[in-house]
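Chemist: Before we start, here is the structure in question, set down as C-alpha cells.
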Amino acid sequence: MSKNIWGPGLIAAISGIELTNIVLYMFFGTLYGFYSVIFISVMFLATIYIQQTITLLYVSLGKRLSSLIRSLSKALFNLYRILIYISSNLILLVNILILTYIYYLMLGGLWVPYIIVFITIIFSLANTYKFKSIEKILSILSILLLTYLVALIYLVINKESTNIIDASIIGAKYSHYALIAALWGSIASPYSLIIQEDAKSTNDLLPAYIFGVLIGTSIAYYSYLSGINPSDIRMLIYLPLNPILSSKILLIGITATVILASISILLTSSAITMNSSRVLVSRYKFSLSFTLVFIASIILLAPFLGTIPEIERILVDITIYASDIVGLLFSLSILILSFVFYYLYRSSGDNLYKLNTLVLSIIAVISLIISFKAIIDEIIVLFL
C-alpha cells in the first residue's frame, strides 16, 4: 500500500473496527437485515467527514484542531480533551474484557491472567521504538476480519441462509434509540479525532471508508443470514465454514485490531495528559494515572463477572450501554468542533467554514438527540 494512503485516517479507521463495532454490527444485521448496511454506511460517512474537517484545518491554516480550541477557550479545550479521554478509555475497558474472555473460553484457565498478559502486551508495544512497524503489521493482520466476508459469500453461494432467530425477542431488551446510539458510539472511535490531527492530507480517508464499510456490512449481513444469536459473545468467532480453522483466523484478526485500537487509545490518552502535539509516536513517559486505575479496576472486576450466570449476555449489555455513553460524549466533542468552524467563519467570512459549521452541527444535534433519548429509555427500563 502506498505511503500516501497509509496515514492517520486509515490507521484510525482500522483500529476503530474493534469489538464494540463487531458486536453492534451483528446486532444490526440480525435486527435490521439489509437496512443495517444503510445505518453503517451513513454513520461511517459521517465519521470520515468529521476526520476530513480536522485535516482541513491543518491544510488551510497550518494549525491543529486542539491548538485552535485552546486559543479560543482553555475551558473548552479541557472539556474537549476530557470527553475524548473518558470515551476512549470506555472503549478500552470493553475491549479488554471481551477479548480476554474470548481467550478464556477458547483456551481455558482463569480469566484474570489473560487480562494481565493482554495489558502487558499493549503497554509494551505502545512503548517500543519500532511502533510504526508494529502498527503496520497489526493493520495488515486486521484485514483477516474479511473472513466474515468470506463466510458471507459462502452462505450465499451454498444458499445456507438459516435465519431462524426471532429478531423481535433479541431486540426487545433494547430500544431502537439505544441500538442506534450504540452503533454511532462504536463507529465513532473518539480517539480518532486526536489521531487525525497528525494527518497532512485526506488521501487515506477514502480507502478507510471503503475498508470500514466493507467489514461492517459483511459482519452485519453475515449475522443476518447465518441466524446466529448476537447476544452470545461466543458467536463473534463462530463461522459455518471449517469452524475450527476460521475461528482461529478470526481470533488473530480480532486480536490484532483490538491491540491496535488499545495502543491508539493509550497513545491518545498519553498525548492528552502530557499535552503533546503528536499522537502516533512511542512514549516511555506515560502520564496515565487515571488510565492505570481504570485498567486496574478491570482486573478487580473480572473475578466478580466470572461468577455471574450468562456472563456472555452481560458483556454484550456492557458493550451496548458503554457504546451509548461513548456516542453521547463523541457527539459533544463534535459540537465543540462545529463551534471552532463557526468562529473561523465569523472571523474570515469563508463560506467553506460556514458549510462545515452547518454539517457538523446537524451531525452533533441529531446524534445528541438520539443519545439522550437512548439514555432516558435505558434509565426508565432500569427503574421500572
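The values are calculated or read from the model by the stated rules, or taken from the named source; none is laboratory data. Only a predicted model underlies this, so the values are computations on that prediction, with no experimental measurement involved. Every residue, glycine as well, gets a Cβ built from its backbone with ideal geometry; the counts of neighbours run over all protein chains shown. Ligands, DNA and RNA are stripped out before the accessible areas are found, and what is left, the full protein with its side chains, is counted by its heavy atoms. Shrake-Rupley method; radii C 1.70, N 1.55, O 1.52, S 1.80 Å.
Chemist: Answer yes or no as to whether T257 is surrounded by fewer than 18 Cβ atoms within 10 Å (Cβ to Cβ) and either of a type in the set (A, V, I, L, M) or closer than 30 Å to S124 by Cβ (or both). Give the steps one after another, and end with the answer.
Modeler: Numbers: surrounded by fewer than 18 Cβ atoms within 10 Å (Cβ to Cβ): no; either of a type in the set (A, V, I, L, M) or closer than 30 Å to S124 by Cβ (or both): yes.
No: the conditions fail for T257.
Chemist: Pairs, please: C-beta under 8 Å, at least 6 apart or cross-chain, first residue under 18 Å from S192 (Cα atoms) and in the range 311-326, second surrounded by fewer than 21 Cβ atoms within 10 Å (Cβ to Cβ)?
Modeler: Note: pairs meeting the criteria are A322/L93; D324/I375; D324/E378; I325/I375.
Chemist: Being modelled with pLDDT under 75, of a type in the set (S, T, N, Q) and within 30 Å of A374 (Cα to Cα) is true for just one of S168, S175, S189, S133. Which residue is that?
Modeler: Values: S175 fails: modelled with pLDDT under 75; S189 fails: modelled with pLDDT under 75; S133 fails: within 30 Å of A374 (Cα to Cα).
None of the other options fit; the residue is S168.
Chemist: In addition: If you go through the range 101-131 one residue at a time, how many are in a helix (DSSP H, G or I), within 15 Å of L260 (Cα to Cα) and β-branched (V, I, T)? Before the answer, list the steps.
Modeler: From the range 101-131, those in a helix (DSSP H, G or I) are 101-107, 111-126, 131; that's our starting set.
Checking which are within 15 Å of L260 (Cα to Cα) leaves us with 118-126, 131.
The next check asks that each one be β-branched (V, I, T); those that pass are 119-122.
Residues in the range 101-131 being in a helix (DSSP H, G or I), within 15 Å of L260 (Cα to Cα) and β-branched (V, I, T): 4 in total.
Chemist: Write out, first by first residue and then by second, each pair whose Cβ atoms fall under 8 Å of each other, whose residues are 6+ apart or on separate chains, and whose first residue, in the range 65-88, is within 12 Å of I272 (Cβ to Cβ) while the second is open to solvent by less than 20 Å² (accessible area, probe 1.4 Å) and charged (D, E, K, R).
Modeler: Note: pairs meeting the criteria are S66/R81; S66/E197.
Chemist: If you take just the helices (runs of 4 or more DSSP H) that sit entirely in the range 201-313, which of them hold at least 1 residues that are under 16 Å from L97 (Cβ atoms) and modelled with pLDDT under 65? Explain how you work it out, then say what you get.
Modeler: Values: elements: 205-226, 243-274, 289-306.
Result: 289-306.
Chemist: Mind checking whether some residue in the range 90-109 is polar (S, T, N, Q) and surrounded by fewer than 17 Cβ atoms within 10 Å (Cβ to Cβ)? So that I can check it myself, show each step before the final result.
Modeler: First pass over the range 90-109, keeping only residues polar (S, T, N, Q): 95, 100.
Still in the running and surrounded by fewer than 17 Cβ atoms within 10 Å (Cβ to Cβ): none.
Among the residues of the range 90-109, not one is polar (S, T, N, Q) and surrounded by fewer than 17 Cβ atoms within 10 Å (Cβ to Cβ), which makes the answer no.
Per-residue answers, yes or no, for (1) modelled with pLDDT of 80 or more; (2) within 28 Å of L329 (Cβ to Cβ); (3) among the aromatic types (F, W, Y); (4) open to solvent by less than 50 Å² (accessible area, probe 1.4 Å):
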residue	(1), (2), (3), (4)
I140	no, no, no, no
V150	yes, no, no, no
K159	no, no, no, no
A181	yes, yes, no, yes
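Chemist: With crowded, with 22+ Cβ neighbours inside 10 Å and aromatic (F, W, Y) as the only criterion, which of Y80, Y58 stands out? Break it down stepwise before answering.
Modeler: Numbers: Y58 fails: crowded, with 22+ Cβ neighbours inside 10 Å.
The match here is Y80.
Chemist: Quick check on the range 26-41. Is at least one of its residues open to solvent by less than 10 Å² (accessible area, probe 1.4 Å) and not in a helix (DSSP H, G or I)?
Modeler: Yes, the range 26-41 has at least one match.
Chemist: Something else now. Would you mention how many residues in the range 349-384 are assigned to a helix (DSSP H, G or I), of a type outside the set (F, W, Y) and open to solvent by less than 70 Å² (accessible area, probe 1.4 Å)? Can you show your working first?
Modeler: First, pick out the residues of the range 349-384 that are assigned to a helix (DSSP H, G or I): 351-383.
Then keep just the ones that are of a type outside the set (F, W, Y); that gives 351-352, 354-371, 373-382.
Filter once more, so that each one left must be open to solvent by less than 70 Å² (accessible area, probe 1.4 Å): 356-357, 359-361, 363-364, 367-368, 370-371, 374-375, 377-378.
Residues that pass the stated criteria total 15.
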